[in-house]
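Q: A single structure is presented below for examination.
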Amino acid sequence: MSRIGKRPVPLPSGAEASISGQKVTIKGPKGTRDFTATDDVTLAIADNAVTVTPRGKSKRARQQWGMARTMVENLVTGVTTGFKKELEITGVGYRAQMQGNTLKLALGYSHDVNFEVPEGVTVTAPKQTDIVVEGIDQQLVGQVAANIREWRSPEPYKGKGIRYKGEFIFRKEGKKK
């Protein structure tokens with residue numbers, strides 16, 4: 001029994017779900033998202049909740065059961081509250097600012113890095129050392145945050161770079177004389 005899969009996904013007020021075949025569509029205050037499940041699971045709406053049940057006892061059906069339920073829950077969370085990743089910039093002269101749909105990053109290179117923000121994600125820079133990535137698609141929000149972090153990931157000696165808020169960077173001791 002999948003401990004994750006057997007729990008129904010509750011639909012909060014303001015969110016509505018519709019199922020056609022293997023495709024579930026969730027509408028909420030922030031937008032609309034859909035997910036197409038594999039043929040190994042059955043989707044149903046009952047008591048203002050979406051339930052996922054496996055079709056058969058095969059290993060693949062049990063794997064898809066928990067995964068499909070998690071995907072539906074992520075759709076509901078995305079269209080109701082949304083997803084958010086916060087990044088911090090550490091380093092002398094390192095800063096970020098938004099100019100239209102472009103994030104300008106000064107990261108110690110000889111030039112500024114211009115990061116084009118993709119559709120479906122909003123990026124803000126409330127302070128010069130903070131970046132907030134928000135959206136309704138969890139995968140896209142995480143990927144955009146990872147792409148921004150990739151420009152200057154934190155180094156272990158001084159801790160300079162772009163890190164996730166609350167991320168621990170293991171610090172190393174420098175060379176000894």
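Q: How many of the residues making up segment 48-60 are surrounded by fewer than 19 Cβ atoms within 10 Å (Cβ to Cβ) and in contact (Cβ under 8 Å) with a residue 12 or more places away in the chain?
A: So the count comes out to 8.
Q: May I pose another question? Would you confirm whether or not segment 98-110 contains a residue that is assigned to a loop (DSSP other than H, G, I, E, B), more than 21 Å from E167 (Cα to Cα) and hydroxyl-bearing (S, T, Y)? It would help to see each step written out before you state the result.
A: Residues of segment 98-110 that are assigned to a loop (DSSP other than H, G, I, E, B), as a first pass: 100-101, 107-110.
Applying the additional criterion that residues be more than 21 Å from E167 (Cα to Cα) yields 100-101, 108-110.
The next check asks that each one be hydroxyl-bearing (S, T, Y); those that pass are 109-110.
Yes.
Q: For a quick check of your reading: which strands (runs of 3 or more DSSP E) sit entirely within segment 1-81 and have at least 1 residues that are among the aromatic types (F, W, Y) and either on the phi > 0 side of the Ramachandran plot or modelled with pLDDT of 90 or more (or both)? Outline the logic, then answer.
A: Working: elements: 16-20, 23-28, 31-36, 41-46, 49-54.
The strands (runs of 3 or more DSSP E) meeting that bar are 31-36.
Q: Out of (1) in contact with a Leu (Cβ under 9 Å, 6 or more places away or on another chain); (2) buried (at least 18 other Cβ atoms within 10 Å of the Cβ); (3) at pLDDT below 95, the odd one out for P154 is which?
A: (1)
Q: Please go through segment 115-144 and give me each residue that is assigned to a loop (DSSP other than H, G, I, E, B) and more than 25 Å from A15 (Cα to Cα), ordered by number. Please lay out each step first, then the result.
A: Narrowing segment 115-144 to residues assigned to a loop (DSSP other than H, G, I, E, B): 117-120, 125-129, 136-137.
Correct list: V117, P118, A125, P126, K127, Q128, T129.
The values are calculated or read from the model by the stated rules, or taken from the named source; none is laboratory data. Keep in mind that what you see is a predicted model, and the values were worked out from it rather than measured. No Cβ is skipped: glycine too gets one built from the backbone with ideal geometry, and neighbour counts run over all protein chains shown.
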